[in-house]
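Working notes, beginning with the structure itself.
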Amino acid sequence: MMLGPKALLRQRMMDGNKLARLSSDGVPACVEASSQSTDPASDQDSDDEFIHESSSYAYDEKCLGKDPYADVRERMERLAANDRALHATHTIKGSTKSHEEELSIPALTAMSTYLAYTVLIMCGRIRDLLASIFGGRYIRQPSKTNPVPSDNRTFFAPIVKSWEHFYTRRLYHRIQDCWNRPIASNPGAHIEVLERVSTDSQKSMKLVGPIDSIPDERTRNEYTEGEFYTEAHNGAVARKCLNLGSYNYLGFADDWKNTCQDEVMGSLEKFPVSAQASRNEMGTTALHRELETTVANFLRKDDALVLTMGFNTNATTIPALMGRGDLIISDELNHTSIVNGARASGAAIRIFRHNDIAHLEETIREAIVLGRPRTRRPWNKIMVIVEGVYSMEGEYCDLKNVVKVCKKYGAYVYLDEAHSIGAMGRTGRGCAEYTGVNTADVDIMMGTFTKSFGGMGGYIAASKEVIAHLRWKCAGSSCHNSLSPIVCQQVITAFRVMQGQDGTNLGKKKFQDLRDNSNYFRMRLNEMGLLTLGRYDSPIMPVMLYIPTKIAAFSRECYKRGLATVVVGFPAVPLLMARARFCISAAHTREDLDMALNELEEIADILQLRYARSPFSS
Amino acid sequence: MSTTFKFLPRVHAIGFQVGQAVHGFLTTQQDFNELWTGFQETLPSWSAICNFPMLYSTWWWDLLMKDPVHVLVETTLLISVIYMFLSRSKDWSESKNDQLTRKEEEDLINEWKENSRAPLVAPGLPTGAKDVPTFLVHQVQGTKMQVSMDNDPTKIYNVINFGTFDFLGMSAAFTAPESSIKDANGNELAIMQEKAAEDAYNNSNNNFGGAEEKKEEEEANTTEQADNDNSNKTSKNGKRKKKKNKKNTASKAKDDDDRLTSSNPVKQASVEALQRYGVGACGPRGFYGTIDPHLKLEEEITKFMGAEGAILYSDGASTVSSTVAAFCKRGDLLVVDEGVREPLIAGVKLSRAYVKWFKHNDMEDLSRVVESVAENDKKLGRGPNAQRRFIICEGLYKNTGQIAALDKIVALKHKYHYRLILDESFSFGTLGATGRGALELFNKKLMHDAEVVTIALENAIGSIGGVTIGNEEIVDHQRLSGSGYCFSAASPPFTASAAVVALNELKTRPKELLTKLNDNTQYIYDKLRIFCEQKEDLILIASDMRSPIVFLVLAECAETEDIDETVFLSEVVRECLRRGAGMVSAGHHNTRAGVQLLRAEPQPSIRLCVSAAHTKNDMDFAIEVLSGAVDSVLHRYVEGEI
């Protein structure tokens, strides 16, 4: 019997009764049922592996101390194992499209979302009309004393296109207090968010500044009331919040002073902040080399190349590898940096449905059989680009099958581990380790240091030959400024801690904490009936909001309750797919998460967010 | 026909009856039968329906009798139409049979995999890669650094740094006192001395202290002063002890702070920010990655440049490429200088706009291009506001050391109504009386004469990141559309703090820094001119005399005809490094990389960067070294060793 996508989804939602039906060895009943309908051999070995995997996730009390999740551990581990098995089985079978189904919006919700946008757009248009008659803050008035020529519309086309600007001024600006919130502390588990206020009806936001600068006593009291009020280091009014938004997966922002400070300060004695030259000129320091060796050893690759910015690592490496006559096959949800890189390369680009291996295979077959468009000559090379963990979905890549398919057809694999390096796998080696793929089978491994390592920059790990080529060909290496040596040191130190080379088991504890925190949070979110995307073991969990008004409401309600959360709307996700996103960190404690979850429970009631239960979300 | 006419008015009647029937059926079911009979009456009579085939055949027969040709033609046409439909559908079905079988597909795939598939990279190193030296910097101390070369970390050379873009000496100021390097030398680094370079400076190279004393006599640069303040407080040994002895960490760290904070304001800010915020920002600007130093930096640079706003990116290169791609879209027109650096080219590529190139810094060519566009406009009968138009250039060109002729560009831009995107990454902090860049040099106004200005903070400012400045509209638009801003993590907050202080330095003592830089630039060009004469104009100066980035190229003449420029100049650079001056062999991005990173390949050259931190001695020494190196390489060339 095959489970339908809805059923799969429901299966993943926590339900006490369902748990009872799990078979004793931790493999859920539904998986056994579905395995009967397919090739038994392929399922057999994947099941074996996941049993093996789950047993290796046992909590080591001797080494890590008391288990904060002892009471729910069994439930958590079962759910996680269940989820892993589901992820593996239905993708082996081809496309059950559970993910697509998940991403597709229920008809009723879609209608109400469209309605909401219609109202917003109509209001915006009316405001535009009124503004064009009476003038307004968005109509740029040429200054009479100092006229700027480009404001003259008879000679200059407007600098911004109308729809984009319309979206910005009439939709985004109305709720812009939900984004770009400045903080005045390290981006750890608890942050001080600086309070902002808008004096021009949300066109721009200004910092409130010191409390004494507010003349009105009532406003002053509004800020100071409650448990969250605090003063930032510069005296400005701030709010203490639990940080559920930063990519501080391993918590290096929290214990920086204990783990990295000495060595980073030490590197400042030897090197300047910026190397002020490109890697190929005089911008390569001994620290760069050391970091490259560390990365290569960590990922069991021959060599590595580190560049100054994660975004540019993708945007410059892909053009260096691919060109005219080549084909890039890219997952539909890949990050903008990959899209930019692919577009700049001049290679042909095909898209496959997210994580849909059958569609990937079909795309590759068709590409090879048909050859290049028009000339029908064979492609020079084909590269498949996937991400380890998708930052807006929380879903990890089905790497095992991607590699299998690519091997079969001779395509190269490019894996972007921006969010998975350090955050997935038992020793933090990313998606490859987590899905049990030998890194030798992944031709190009890319990742960033911004997230788990609390640094900056990106790396490419590959064979010696490829790296030697990239050193010359990649614009990031030959033209752009090199990574700051100070940041190099930070990342090297973080690697040392992660691998336990600092002589403590702090690294091990970080991995365990991150995984437990994420799974606990996800379990509780699912229990609550929130429509949570992604999979167990992934530290990113988006919760669907859909309706534009809920974006702001959710963010503001959370902020009121001392939770700093991220809400995501257009352009980072499709217009209809607005969501909130939680990023869990190893630095969170169970108390933090319980506090957050209790508040979320309340918010879910107020905003009617329980979309997993019904499209009416009640 | 008559039946149809009779039938028409009855439609209403039928409708009415049906309505009645439904109504009746729903309300009272009693008089349903009555209604039904009424309904039946209104229907067209049964006989009319029965007679229809008869009528039709009669009509047809009549037609055939009256006009047989007409019937014949129409029938043929009808049949052919039907045939064409059928035959087309037959073709479709045939094409289905045409599809490859699974087996054939497999064959094709295997064939591709075995024969046609190219390796991921071409085997062997890219052509010319070996010719160019690669450097590994082991330590930076003021204007001096320890560098090894060509993947051989055992041979470390003490050199004076002419290789990095440290125009204002901000990085020189960032580094620790001289004393620590002595210890480092003594303890672990075996400094190699080349026998070839047997001049007086060799001795001082062994020991930076010697050079330092001379330097101090010459002039008291602020950075050195700062270093001098605590020259004896640190030692590398102390640091090493600290690493071993974790218990002492706290107190040692405090010692470190005291020492560091007393050194100079830029470094102090950096250390303070590190202690408060750690290193990473752990997120994009939109999602709690905005930390107060970022805002402070945006505010400061806005004030400094007199703009309406500034937007901070986390990397200089993506500042440029994202800015160009944010404003230039499909259908826009870009007029771009051929000599621009790579990030601008990447931005232009990403924009997918129409691009017209003009020859590097050639104003006649630029006016030719814009005039041809204006002529075309006239032909098409459209105004300049039909599309967004941009001229894109750099203030100081990184790859050629030329300064854009902004006066002419601005005049053309105003005349033909273009916007100007000006990359001031290398001119900011180097040109103009107060370091505000090429706009200041040419006395042009921001927003009025250049709408969008990008500045990398990685060169003169010596930090990480870049900013785009302009009017409010331009800045606000990028906060959602600048892909490097929106989709990339923010820069580490300590770099923003460092940049704020560096900017403040530039603001508070522009004279000291810029006068020094200009003097140094002038000095080195004077010296170089003499040097070129000595070398019988075999080597020429290729850069603008106001540019602190100096390019030296091999002259094209009979003597140099069979010399490979890249090999020769790279060898000179290697020789210079061995003799104690760090320079860069530049201008072969495309050939070396085998991909077109730049639009026009700059000439192979030697690049020197002058800094405000350099002393006259440094520069004299560099030129002496250069002169010796050129002679020695030339000699080897004649001998046939290369």
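The values are calculated or read from the model by the stated rules, or taken from the named source; none is laboratory data. Bear in mind that the values here come from a model prediction, so they are computed numbers and not experimental data. Reconstructed Cβ throughout: ideal geometry from the backbone, glycine too, with neighbour counts over all protein chains shown. What goes into the accessible areas is simple: the full protein's heavy atoms, side chains included, and nothing from ligands, DNA or RNA. Shrake-Rupley method; radii C 1.70, N 1.55, O 1.52, S 1.80 Å.
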Listing of strands (runs of 3 or more DSSP E) fully contained in the stretch B:117-164 that carry 1 or more residues being among the small types (G, A, S): B:144-149
Candidate set from the stretch A:108-125 (those that are in contact with a strand residue (DSSP E or B) (Cβ under 9 Å, 6 or more places away or on another chain) and not aliphatic (A, V, I, L, M)); member that is surrounded by the fewest Cβ atoms within 10 Å (Cβ to Cβ): A:S112
Residue pairs meeting the criteria (Cβ under 6 Å; at least 6 apart or on separate chains; first among the acidic types (D, E), in the stretch A:523-552; second in a loop (DSSP other than H, G, I, E, B)): A:E527/A:M14
Criterion violated by B:E105 - all others in (1) more than 7 Å from chain A (Cβ to nearest Cβ); (2) among the acidic types (D, E); (3) outside any loop (DSSP other than H, G, I, E, B) satisfied: (1)
Selection within the stretch A:399-423 - among the acidic types (D, E) and within 17 Å of B:R117 (Cα to Cα): none
From A:R181, A:R170, A:R153, residue being open to solvent by 40 Å² or more (accessible area, probe 1.4 Å) and among the charged types (D, E, K, R): A:R153
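Kindly provide the set of residues from the stretch A:356-369 that are farther than 10 Å from A:L327 by Cβ and either charged (D, E, K, R) or facing chain B (nearest Cβ under 9 Å) (or both), ordered by number. Spell out the reasoning first.
Pass one, the stretch A:356-369, residues farther than 10 Å from A:L327 by Cβ: A:356-362, A:365-366, A:369.
Hits for the stretch A:356-369 are A:D356, A:E361, A:E362, A:R365, A:E366, A:V369.
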Which numbered condition A:G251 misses (of (1) open to solvent by less than 30 Å² (accessible area, probe 1.4 Å); (2) out of contact with any Ser or Thr (no Cβ under 7 Å at 6 or more places or on another chain); (3) more than 7 Å from chain B (Cβ to nearest Cβ)): (2)
All positions within the stretch A:152-165 that are at pLDDT below 80 and over 21 Å from B:L334 (Cβ atoms): A:W163
Every pair of residues 6+ apart whose Cβ atoms lie under 6 Å, when the first sits in the stretch B:375-401 and is over 29 Å from B:S547 (Cα atoms) and in the same structural domain as B:V453 (by TED's automatic domain parsing) while the second is surrounded by fewer than 24 Cβ atoms within 10 Å (Cβ to Cβ) and of a type in the set (D, E, K, R): B:Q387/B:D332; B:R388/B:D332
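Would you mention how many residues in the stretch A:292-304 are open to solvent by less than 70 Å² (accessible area, probe 1.4 Å) and within 13 Å of another protein chain (Cβ to nearest Cβ)? If you could, list the steps in order and put the result at the bottom.
To start, the set of residues in the stretch A:292-304 that are open to solvent by less than 70 Å² (accessible area, probe 1.4 Å) comprises A:292, A:294-296, A:298-299, A:301, A:303-304.
Checking the rest, the ones that are also within 13 Å of another protein chain (Cβ to nearest Cβ) come to A:292, A:303.
Residues meeting the conditions: 2.
Hey, does the stretch A:340-352 have a residue that's over 20 Å from A:I444 (Cβ atoms) and open to solvent by 20 Å² or more (accessible area, probe 1.4 Å)? Spell out how you get there, then give the answer.
Going residue by residue through the stretch A:340-352, those that are over 20 Å from A:I444 (Cβ atoms) are none.
Scanning the stretch A:340-352, I find no residue that is over 20 Å from A:I444 (Cβ atoms) and open to solvent by 20 Å² or more (accessible area, probe 1.4 Å), so the answer is no.
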Qualifying residue in the stretch B:393-405 (condition: within 20 Å of B:E338 (Cα to Cα), out of contact with any strand residue (DSSP E or B) (no Cβ under 8 Å at 6 or more places or on another chain) and either within 9 Å of chain A (Cβ to nearest Cβ) or at pLDDT 90 or above (or both)): yes
Members of the stretch B:291-310 that are buried (at least 24 other Cβ atoms within 10 Å of the Cβ) and within 11 Å of chain A (Cβ to nearest Cβ): B:I291, B:D292, B:P293, B:H294
Unmet requirement for B:A118, which otherwise passes all of (1) farther than 24 Å from A:S274 by Cβ; (2) at pLDDT below 55; (3) touching an Asp or Glu at 6+ places or on another chain (Cβ under 9 Å); (4) of a type outside the set (K, R): (2)
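Select the strands (runs of 3 or more DSSP E) contained entirely in the stretch B:410-517, then report the ones holding at least 2 residues which are free of Cβ contacts under 8 Å to residues at least 40 places away in the same chain. Break it down into steps so the answer makes sense when it comes.
Values: elements: B:419-423, B:452-456, B:466-470.
It comes to B:419-423.
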Sole exception among (1) surrounded by 24 or more Cβ atoms within 10 Å (Cβ to Cβ); (2) more than 7 Å from chain B (Cβ to nearest Cβ) for A:F271, by number: (2)
Scan of the stretch A:468-495 for residues that are free of Cβ contacts under 8 Å to residues at least 40 places away in the same chain and either within 28 Å of A:E395 (Cα to Cα) or touching a His at 6+ places or on another chain (Cβ under 6 Å) (or both), ordered by number: none
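Considering each of A:L483, A:L470, A:L514 in turn, give the residue that is in a helix (DSSP H, G or I) and within 16 Å of A:T308 (Cβ to Cβ). Explain how you work it out, then say what you get.
On the way: A:L483 fails: in a helix (DSSP H, G or I); A:L514 fails: within 16 Å of A:T308 (Cβ to Cβ).
Among A:L483, A:L470, A:L514, only A:L470 is in a helix (DSSP H, G or I) and within 16 Å of A:T308 (Cβ to Cβ).
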Filter pass, B:R352 being within 17 Å of the chain's Cα centre (by Cα), surrounded by fewer than 21 Cβ atoms within 10 Å (Cβ to Cβ) and either more than 25 Å from B:F167 (Cβ to Cβ) or not assigned by TED's automatic domain parsing to the domain that holds B:V320 (or both): yes
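Every residue, every condition in (1) away from every other protein chain (no Cβ under 13 Å); (2) under 24 Å from B:A405 (Cα atoms), yes or no:
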site: B:T430; (1), (2): no, yes
site: B:L439; (1), (2): yes, yes
site: B:I464; (1), (2): no, no
site: B:I469; (1), (2): yes, yes
site: B:E472; (1), (2): no, no
site: B:D476; (1), (2): no, no
site: B:S481; (1), (2): no, no
Among (1) surrounded by 24 or more Cβ atoms within 10 Å (Cβ to Cβ); (2) within 11 Å of another protein chain (Cβ to nearest Cβ) - the single one B:L597 does not satisfy: (1)
Meets criteria (in contact (Cβ under 8 Å) with a residue 24 or more places away in the chain, assigned to a helix (DSSP H, G or I) and within 7 Å of chain B (Cβ to nearest Cβ)) for A:G266: yes
